[in-house]
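A short worksheet on the structure shown next.
The values are calculated or read from the model by the stated rules, or taken from the named source; none is laboratory data. Quantities reported herein were computed from a predicted structural model and do not represent experimental measurements. All Cβ positions, glycine included, derive from the backbone under ideal geometry; neighbour counts span all protein chains shown.
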Amino acid sequence: DSGVTQTPKHLITATGQRVTLRCSPRSGDLSVYWYQQSLDQGLQFLIQYYNGEERAKGNILERFSAQQFPDLHSELNLSSLELGDSALYFCASSVRASASNTGELFFGEGSRLTVL
Amino acid sequence: TQLLEQSPQFLSIQEGENLTVYCNSSSVFSSLQWYRQEPGEGPVLLVTVVTGGEVKKLKRLTFQFGDARKDSSLHITAAQPGDTGLYLCAGVGSGDDKIIFGKGTRLHILP
C-alpha cells in the first residue's frame, strides 16, 4: 500500500461526457502528479501540483484540467470525452516540491476510464 | 521534448538466465529512476541514480547511469519468476519538475 488513494477504481462513460478523478496523496506529501497510461503511449505526464499551485505541465489536453485543494487532495477533470481518452489514470505523490531533488514518486492504484 | 526509449519492449526468458534492459535518451537528466509495475498496481520505485557513471546494486539487480547522464541500464542476474513485470525508467528533468517515463520493458520469466 503506497498510501496514495485514487477513486474511482473503474469508470465507464460515454463520449461527450465529463468525469472527475480524485486523488488523496500520502500523508505529508505536498506534490501531486497526474499521469495517463495507455498501451501504445506508455505513462504520459499530464500535470504536477505543489501545495495547491501548478508546478509543471506535460501533455495535458485543453479538455482536461486539474487542481489541488487546501487539504492537498487533487482532482483531474476530463471533459468532452473521446474514445481515445480510455486509459489508466495514475496519481502519484512526493514529499518534495521539485523533481530535481530526486524525490520518489508514490503511485496510487489508478483509475481505469473506459469511454464507449 | 524529452523522450526516453526503452529496449527491448518485451522479453521472455527462462528462470536462471541473465538479462539487460536499456533506457536511452538524447536528453540529459539530473537523475534517473527505475520503477517496476505489476498488473493492477501503480509503479513502485526500485532505485534512483544521480551521478554519471553511478552503479547501484539491489540484490540481483544492477543499475547503471551513463557517464553523460543520458542513458541507463538494468541488469538482472539469475532471473526468477518473481521478477516478472513492467520495468519503467523515468528521467528527472534538468531545470524543470517533470518526471518523464519511458514506455517500459515487459519482462516475463518462465519457470
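A few points about this structure:
- Checked against the criterion of being closer than 27 Å to B:F29 by Cα, more than 14 Å from every other protein chain (Cβ to nearest Cβ) and not small (G, A, S), the candidates A:L72, A:L61 yield just one match: A:L61.
- Matching option when the condition is under 20 Å from B:I99 (Cβ atoms), touching a strand residue (DSSP E or B) at 6+ places or on another chain (Cβ under 7 Å) and surrounded by 16 or more Cβ atoms within 10 Å (Cβ to Cβ), among A:S38, A:S74: A:S74
- Condition met for A:E109 (within 11 Å of chain B (Cβ to nearest Cβ), of a type in the set (D, E) and touching a residue at least 24 places away in the same chain (Cβ under 8 Å)): yes
- Of all residues making up the stretch A:2-32, the number that are within 10 Å of chain B (Cβ to nearest Cβ), surrounded by 14 or more Cβ atoms within 10 Å (Cβ to Cβ) and modelled with pLDDT of 95 or more: 2
One line per residue, one yes/no per condition, for (1) out of contact with any Gly (no Cβ under 9 Å at 6 or more places or on another chain); (2) of a type outside the set (V, I, T); (3) within 16 Å of A:H10 (Cα to Cα):
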residue: A:Q48; (1), (2), (3): no, yes, no
residue: A:E82; (1), (2), (3): no, yes, no
residue: A:V95; (1), (2), (3): no, no, no
residue: A:E104; (1), (2), (3): yes, yes, no
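- Screening A:V95 on (1) closer than 25 Å to B:R69 by Cα; (2) within 11 Å of chain B (Cβ to nearest Cβ); (3) among the hydrophobic types (A, V, I, L, M, F, W, C) shows it passes everything except condition (2).
- Here the strands (runs of 3 or more DSSP E) wholly within chain B that include at least 2 residues being touching a residue at least 60 places away in the same chain (Cβ under 8 Å) are B:5-7, B:10-14, B:19-24, B:29-37, B:85-93, B:99-101, B:105-110.
- Evaluating B:S27 against the criteria (1) surrounded by 18 or more Cβ atoms within 10 Å (Cβ to Cβ); (2) at pLDDT below 95 leaves one unmet condition, (1).
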